[in-house]
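Throughout, read-outs are computed from the coordinates displayed, never taken from laboratory work. As the structure is a prediction and not an experimental result, all values here were calculated from the model. As a convention, Cβ positions derive from the backbone with ideal geometry for all residues, glycine included, and neighbour counts pool all protein chains shown.
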Amino acid sequence: MSTFYGEKTSSIIIVLTCFACFLITPSHSRTCFSYDWDIYIYNGIQDSTIDAHVKSKDNDLGHHNLTYDLGYTFGFCENYFENTLFWGDFTHGSQFVNFHVFDKAVISFIGGSTEHTNNVFWLLKQDGYYLSKEYKPYDDPAWTFWGHWQ
Ligand SMILES: *[C@@H]1O[C@H](CO)[C@@H](O)[C@H](O)[C@H]1NC(C)=O
């Protein structure tokens, strides 16, 4: 069970709902009782627009046009026993790729602490998509190659 909230949701509802299940809110406007995740997706291809469409079983976050350097962000609370999965469809001109922007493999790469918000950074480049624990310049080796455009 999960719920998508707009920006105007009161924090009381967020707190109550977060207690009961997991939810998605704009970054940093929620209180998590377990793992707090923020996912950032950047377009690293100059002079391009990438259509990003992120979904989970229960939530469709809609289409977003990402221009160069523009990050798309969403966040959620994840309880201990959840098996949260978000996937994204990305279209860049004639190129397309679909991959899991949040799954068990991503959690193992990033680690996860209940002490602070856990950040996941994705970067889409000409040759594929990259994952990092930190936001770095686009040529930094911290960006780990994760897959090719299909
Ligand atoms: C993205 O850009 C295209 C082309 O300008 C436009 O048709 C489309 O509606 C935009 N999508 C969103 C979600 O803003």
Could we say that I41 is within 16 Å of the ligand (Cβ to nearest atom) and in contact with a Gly (Cβ under 9 Å, 6 or more places away or on another chain) here? yes
Scope the range 44-65; condition of a type in the set (G, A, S) and either in contact with a Ser or Thr (Cβ under 9 Å, 6 or more places away or on another chain) or within 12 Å of the ligand (Cβ to nearest atom) (or both); matching residues: S48, A52, S56, G62
For the range 41-75, the count of residues that are touching a residue at least 60 places away in the same chain (Cβ under 8 Å), buried (at least 21 other Cβ atoms within 10 Å of the Cβ) and in contact with a Leu (Cβ under 6 Å, 6 or more places away or on another chain) equals 3
Boolean, F74 is in a strand (DSSP E or B) and among the aromatic types (F, W, Y): yes
Subset tally (residues that are among the aromatic types (F, W, Y) and over 15 Å from the mean Cα position of the chain (by Cα)) for the range 110-142: 1
Go through the range 76-99 and give me each residue that's away from the ligand (no atom under 15 Å from the Cβ), free of Cβ contacts under 8 Å to residues at least 60 places away in the same chain and surrounded by 15 or more Cβ atoms within 10 Å (Cβ to Cβ). C77, E78, N79, F86, W87, Q95, V97, F99
The residue that is nearest to the chain's Cα centre (by Cα), considering only those in the range 27-71 that are within 17 Å of I110 (Cβ to Cβ) and of a type in the set (D, E), is D38
